[in-house]
Amino acid sequence: MVLTGAGISAESGIKTFRDSGGLWENHRVEDVASPEGWHHDQQLVLNFYNERRKQLLECKPNRAHFALAELENKFDVTIITQNVDDLHERGGSTNIIHLHGELLKARSSVDENLIYDCSQDILEGDKCEKGSQLRPHIVWFGEAVPLMETAVPIVQCAEIFIVVGTSLVVYPAAGLVNYTRYEIPKWLVDPNDMPLPRVPHLKFINEKATIGVDYLVNLLLKES
Ligand code: OAD
């Protein structure tokens, strides 16, 4: 089981949120990533995600995404990602849970089950089949994270737990670490020093994702 965050896509050219120069330095979370922000100024929110979507289409998966896909040759891998990009998919991974939604999808603002593929801008006036404005298919702050129900049992059964490129400050995703079984090996890959989660058998690989994940995947494939 692999939990990923913005850091795994950083070397593909996608900004993280909380690093210096990160997205939340120039945008207020409440303005662009909350239901209140959406009600206050839909255009601002649409512009923010339209810009993200355009950038994503110019980016490519990096060595870390590809390495995780290679793990599937020997392991039954589930990737639980907080990322809204599709770089794990393009890297070749097949079993991916997008806890915080997907940038390349739009959804109805009245019926969360109406979800559409979307690689273009979402414009004011674009509507779902029920006639309501389309919004980005993103879980905003203050909204429920429905896929946690799917994620928790997978973490509880995991035999190896890997965390890559997340500051582990956003809940409930960050809390997934606490559902791991005591005895299993756990690995965390991040180039920055950070407060490590207090779970047993955790090893810290203090490297960027492209180096750290590649190293770890080779190790696991060799050992298996
Ligand atoms: P953050 O920006 O909070 O954290 C990024 C992490 O990636 C940090 O720990 C960095 O040290 C690390 N990092 C930076 N460069 C890296 C590299 N090359 N390789 C590996 N790691 C690197 O991003 P997240 O933890 O993903 O939610 O943020 C969690 C959630 O907060 C996001 O999903 C988003 C955000 O607000 C929503 O928008 C709902």
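Key figures
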{"quantity": "Top-ranked residue in the range 1-31 [being more than 9 Å from the ligand (Cβ to nearest atom) and part of a helix (DSSP H, G or I); ranked as least open to solvent (accessible area, probe 1.4 Å)]", "calculated": "31"}
{"quantity": "Lone unmet requirement of (1) away from the ligand (no atom under 12 Å from the Cβ); (2) within 26 Å of residue 72 (Cα to Cα) for residue 206", "calculated": "(1)"}
{"quantity": "Residues that are assigned to a loop (DSSP other than H, G, I, E, B) and either open to solvent by 50 Å² or more (accessible area, probe 1.4 Å) or free of Cβ contacts under 8 Å to residues at least 60 places away in the same chain (or both), drawn from the range 32-49", "calculated": "41"}
{"quantity": "Failed item in (1) within 18 Å of the chain's Cα centre (by Cα); (2) open to solvent by 10 Å² or more (accessible area, probe 1.4 Å); (3) without any contact (Cβ under 8 Å) to a residue 40 or more places away in the chain; (4) within 12 Å of the ligand (Cβ to nearest atom), with residue 191 passing the rest", "calculated": "(3)"}
{"quantity": "Test result for residue 52, among the basic types (Lys, Arg), part of a helix (DSSP H, G or I) and within 12 Å of the ligand (Cβ to nearest atom)", "calculated": "yes"}
{"quantity": "Among (1) open to solvent by less than 20 Å² (accessible area, probe 1.4 Å); (2) more than 16 Å from the ligand (Cβ to nearest atom), the one test that residue 165 misses", "calculated": "(2)"}
{"quantity": "Residue check, residue 152 away from the ligand (no atom under 12 Å from the Cβ), over 24 Å from residue 66 (Cα atoms) and of a type in the set (Val, Ile, Thr)", "calculated": "yes"}
{"quantity": "Residue pairs meeting the criteria (Cβ under 6 Å; at least 6 apart or on separate chains; first free of Cβ contacts under 8 Å to residues at least 40 places away in the same chain, in the range 65-94; second open to solvent by 70 Å² or more (accessible area, probe 1.4 Å) and of a type outside the set (Lys, Arg))", "calculated": "91/66"}
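The values are calculated or read from the model by the stated rules, or taken from the named source; none is laboratory data. Note that the structure is a prediction, hence the values are computed from the model and not measured. Please note: Cβ atoms are built from the backbone with ideal geometry, for glycine as well, and neighbour counts cover all protein chains shown. We work out accessible area using only protein heavy atoms, side chains counted, and drop any ligands, DNA or RNA first. Shrake-Rupley method; radii C 1.70, N 1.55, O 1.52, S 1.80 Å.
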